[in-house]
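Q: I am attaching a structure below and will ask some questions about it afterwards.
Quick note: the coordinates plus some simple rules give every number you see, no bench work behind them. Keep in mind the model is a prediction, meaning the values are calculated, not measured. Positions of Cβ are backbone-derived with ideal geometry, glycine not excepted, and every protein chain shown enters the neighbour counts.
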Amino acid sequence: MAKFKRFNTTGVCVPALHYMVDTSDIIHQIIEEYIEHGEYFTMNRARQFGKTTTLEQLYQKLKEQYLVLDISFEAADDCFVSLYTLAQGFTNKVASVLDESDVSENLIQLWKEPIDKDLPLDSLNTKITDFCRSCGKEVILMVDEVDKSSDNQIFLSFLGLLREKYLKQKLGKGFTFKSVILAGVYDIKNLKLKMHSGEESKYNSPWNIAADFNVDMSFSAEGIAGMLQEYEEDYHTGMNISSIADQIYEYTNGYPYLVSYICKKTDEEIAESISFPGRALAWTKEGILEAVKLLIKGPNPLYDDMIKHVAEHSDLYEMLNNILFEGQEYAYYEYDKAVNIGKMFGFIVDKCGMVAVTNRIFETQLYNYFLTESLKKSSRQREALPENASTLIRRKILE
C-alpha cells in the first residue's frame with residue numbers, strides 16, 4: 001500500500017506529510033488586510049491553535065514577493081539578559097535565516113556587522129536601516145513564541161525600537177521592516193509586564209502601534225470536510241463526509257488541535273480496535289464518539305495548560321465555575337479581567353453578548369475539574385469535623 005499522510009497534533013503541519021484543513025482563505029485575508037498595508041500586529045491565539053503552522057504558510061506565500069525573516073524566541077532567554085545580548089542574539093537569529101536565503105553575500109555581511117557593545121540598540125537600529133535600504137525588496141519580520149521572554153524590560157526596549165522605526169518610516173524618514181508579525185498566546189499590546197523587584201508593573205505601551213488581529217483562525221465544518229475528503233480519497237472508507245465533519249465541529253467548535261486529535265485517534269486507535277474492526281466502522285458517528293471519549297479522558301498538554309491557568313487566575317476560576325455549576329450568566333465585556341484572560345487562553349467565546357465556554361470538549365473537561373475540586377474540598381471539610389459529626393455525615397450518605 002502507498003504511504004499516505006497522517007493527521008498531526010504536534011509541531012508544525014506540513015502539507016506533504018499531513019492531512020490539513022485548507023486555510024488559504026485565512027492566509028489571503030492576513031496578507032490582504034495586514035501585510036499589504038504594512039501593519040505591525042500580534043497573532044495572539046491560544047495554545048495549539050495553529051499559529052506556527054499559519055506562520056509557515058505565510059512564509060511560503062510571502063517569500064514569492066518579499067524577503068521574509070522568520071525567527072523564533074523559543075528557548076531564547078539568554079537573548080534577554082542585557083541590551084547587548086538582545087541586539088547580538090537578534091542579529092544571530094536573522095543571520096541564520098539569511099544564510100539559508102537567496103540573498104547576496106554582500107547583504108549577508110552587511111547584516112553581520114558587529115554590534116557596538118556600548119550602544120547596542122543604536123547599533124541594531126542602524127543595522128536594520130542599512131539592511132532594509134540595501135535589500136532591493138521589502139522585508140517582513142516574523143517572530144514566533146514572542147511571549148516566551150515578554151515579561152522583562154529588555155523585551156520592552158526591543159518593542160520600543162520597532163515602534164520608533166515604524167513611526168519614522170511612516171513619515172518617510174527611514175527604512176525598516178514593511179510588516180512585523182509577533183506570534184504568541186498573549187496580546188503583547190495589552191500585556192502587563194513584570195518588572196524587576198522594586199519596579200512598578202506597567203503596560204506594554206510601545207506596541208500600541210499594532211493593529212488589532214481579528215482574523216478567525218478556527219476551522220469551519222466545511223474546512224474539516226475538505227480535509228476528510230482528502231483522507232477519503234486515500235482510504236475509501238465510505239464515510240458520510242459532511243455528517244462526520246459536522247459532528248467533529250459540534251464537539252470542537254473548530255479548535256484546530258481538538259479537530260486534529262479526534263481525527264488522529266479515529267484513524268490510528270479507533271479503527272482496527274475490537275469494537276470497530278476497520279476504518280469503515282471507525283469513521284461513523286459511533287466511532288467519532290469513541291475518539292471524543294479518548295480526548296476527554298486525556299491527559300494531553302492542552303488540558304495541562306488549561307488547568308494550570310484556571311487554577312492560577314481566581315477571577316477566571318470563579319467565573320467558569322459559576323457558569324458551569326450555577327448557571328450564572330456573564331456579559332462578554334473584554335475589559336473585565338476574567339473575560340480578558342479567558343478569551344486570551346481560548347477558554348471562552350462571545351455568544352450573543354454573553355460568555356460561553358469555547359466548545360463542548362472544554363466544557364466537559366472544566367466541569368470534571370471543578371467537580372473534582374469540589375469533592376476534594378468536601379472531603380477536607382469532613383476530615384476537619386469532630387469524629388461524631390463526621391460519622392453522622394457518612395451514615396447520612398450511606399442512607
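Q: For Lys137, give me every one of the lysines with a C-alpha distance below 29 angstrom, ignoring sequence neighbours fewer than eight places off in its own chain.
A: Lys51, Lys61, Lys63, Lys93, Lys112, Lys127, Lys165, Lys168, Lys170, Lys173, Lys178, Lys189
Q: Which whole-number percentage describes the relative contact order of region 24-207, with Cα contacts under 8 Å and a sequence gap of 6 or more?
A: Answer for region 24-207 is 29 percent.
Q: Just to be sure I understand the model, the point goes 7 Å from the Cα along the line to the Cβ. What's the resulting Val215 to Arg6 distance in nm?
A: Computed distance between label sites Val215 and Arg6 equals 2.8 nm.
Q: Another question, if that's okay. Order the peptides 295-304, 253-262 from the highest to the lowest mean number of other Cβ atoms within 10 Å of their residues.
A: Ranked by mean Cβ neighbours within 10 Å, highest first: 253-262, 295-304.
Q: Report the label-to-label distance for Gln153 and Asp77 in nanometres (one decimal), using points 7 Å from each Cα along the Cα→Cβ vector.
A: Spacing of the two 7 Å Cα→Cβ label points: 2.0 nm.
Q: Pop the C-beta distance of Glu312 and Leu289 into the FRET formula with R0 = 30 Å and round what comes out to the nearest 0.05. Numbers along the way, then the final one.
A: Numbers: r = 33 Å, r/R0 = 1.08.
The calculated FRET efficiency here is 0.40.
Q: Contour minus end-to-end for Leu371 and Asp350, with contour as 0.36 nm per residue of separation and end-to-end as the Cα-Cα distance?
A: Details: separation 21, 0.36 × 21 = 7.56 nm, distance 2.44 nm.
Taking Leu371 through Asp350 to full extension adds about 5.1 nm, to one decimal.
Q: Roughly speaking, what is the stretch gain from Glu230 to Ser104, that is 0.36 nm per residue apart minus the C-alpha to C-alpha distance, in nm to one decimal?
A: 41.3 nm
Q: Determine ³J(HN,Hα), in whole Hz, for all residues of region 310-327 in sequence, where each value follows from phi through the Karplus function 6.51 cos²θ - 1.76 cosθ + 1.60 and θ = phi - 60°; x replaces Gly and Pro.
A: So the Karplus estimates, Gly and Pro as x, are 5, 5, 6, 10, 5, 5, 5, 4, 5, 5, 5, 4, 5, 5, 7, 9, 10, x Hz.
Q: Separate question: Which is farthest toward the positive dipole end of the chain among Ser96, Phe347, Phe49, measuring Cα position about the Cα centre, with Cβ charges +1 (Lys, Arg) and -1 (Asp, Glu)?
A: Phe347
Q: Before anything else, pin down the relative contact order of the chain: Cα pairs under 8 Å, at least 6 apart, normalised by residue count, whole percent. If you can, show how the numbers build up before the last one.
A: On the way: 530 pairs, mean separation 66.1, N = 399.
So the answer I get is 17 percent.
Q: Right, here's the next one. By how many nm would the segment from Ser275 to Asp305 lengthen if fully extended, with 0.36 nm per residue of separation less the alpha-carbon distance?
A: Extending this stretch completely gives an extra 7.6 nm.
Q: Order of Thr237, Thr364, Thr252 from fewest to most other C-beta atoms within 10 Å?
A: Working: Thr237 22, Thr364 17, Thr252 25.
In order of increasing Cβ crowding within 10 Å: Thr364, Thr237, Thr252.
Q: So how far apart, in nm, are the two label points at Asp22 and Lys337 if each is 7 Å from Cα heading toward Cβ?
A: Reported label-point gap for Asp22 and Lys337 is 4.6 nm.
Q: Where does each of Glu39, Glu250, Glu32 land when they are ranked from fewest to most other beta-carbon atoms within 10 angstrom?
A: Placing the least packed residue first, the sequence is Glu32, Glu250, Glu39.
Q: Between rounded, prolate and oblate, where does the chain land on the alpha carbon gyration tensor, with a ≥ b ≥ c its root eigenvalues, rounded for a/c under 1.5, else prolate if a/b exceeds b/c?
A: Oblate, since a/c reaches 1.5 and b/c is not below a/b.
Q: Angle between the Cα long axis of helix 285-297 and the longest principal axis of the chain, 0 to 90 degrees, nearest 10?
A: Between the helix axis and the principal axis of the chain, the angle is about 80 degrees.
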